[in-house]
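Note sheet for the following structure.
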Amino acid sequence: MELTNLSREEKKAYDLEQIDALVQKNQGMAKTADILAMGIDYRRILQFLKEGYLKRVKSGYYTTKYFDGSEESMVARMFSGFLSMMRSHSALA
């Protein structure tokens, strides 16, 4: 898709579609770094937050208003790495 020929509203819609696809792929969340890596400016992220298209889950993590997964699944995903680390440390003790 040729992004230079898009109107401002078309670019906004395209960016939202890209973020939504990323959120769906990652079980409900997207990292700021991953959104920036797609070429979406941080000011655009702030705009989407203000307009209600994005929701901040925690610092550096976002979801969209379109994601229909449970909050529990997002929390579980955020802390799964931490819990695995804690389990491995307790097994060593």
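The values are calculated or read from the model by the stated rules, or taken from the named source; none is laboratory data. As the structure is a prediction and not an experimental result, all values here were calculated from the model. Cβ coordinates were reconstructed from backbone atoms using ideal geometry, including for glycine residues, and neighbour counts include every protein chain displayed. All accessible areas refer to the heavy atoms of the entire protein, side chains included, with ligands and DNA or RNA removed. Shrake-Rupley method; radii C 1.70, N 1.55, O 1.52, S 1.80 Å.
Before moving on, here are some points about what is shown:
- Restricting region 1-43 to residues that are among the polar types (S, T, N, Q) and in contact with a Phe, Trp or Tyr (Cβ under 8 Å, 6 or more places away or on another chain), the residue that is farthest from residue 62 (Cα to Cα) is 24.
- Sole exception among (1) exposed (fewer than 10 other Cβ atoms within 10 Å of the Cβ); (2) at pLDDT 95 or above for residue 37, by number: (1)
- Of all residues in region 44-65, none are open to solvent by 80 Å² or more (accessible area, probe 1.4 Å), modelled with pLDDT under 95 and of a type in the set (Phe, Trp, Tyr).
- Search result, residues across region 6-26 that are open to solvent by 60 Å² or more (accessible area, probe 1.4 Å) and in contact (Cβ under 8 Å) with a residue 40 or more places away in the chain: 24
- Taking the criterion of being touching a residue at least 40 places away in the same chain (Cβ under 8 Å) and within 16 Å of residue 65 (Cβ to Cβ), the residues of region 27-54 that qualify are 28, 29.
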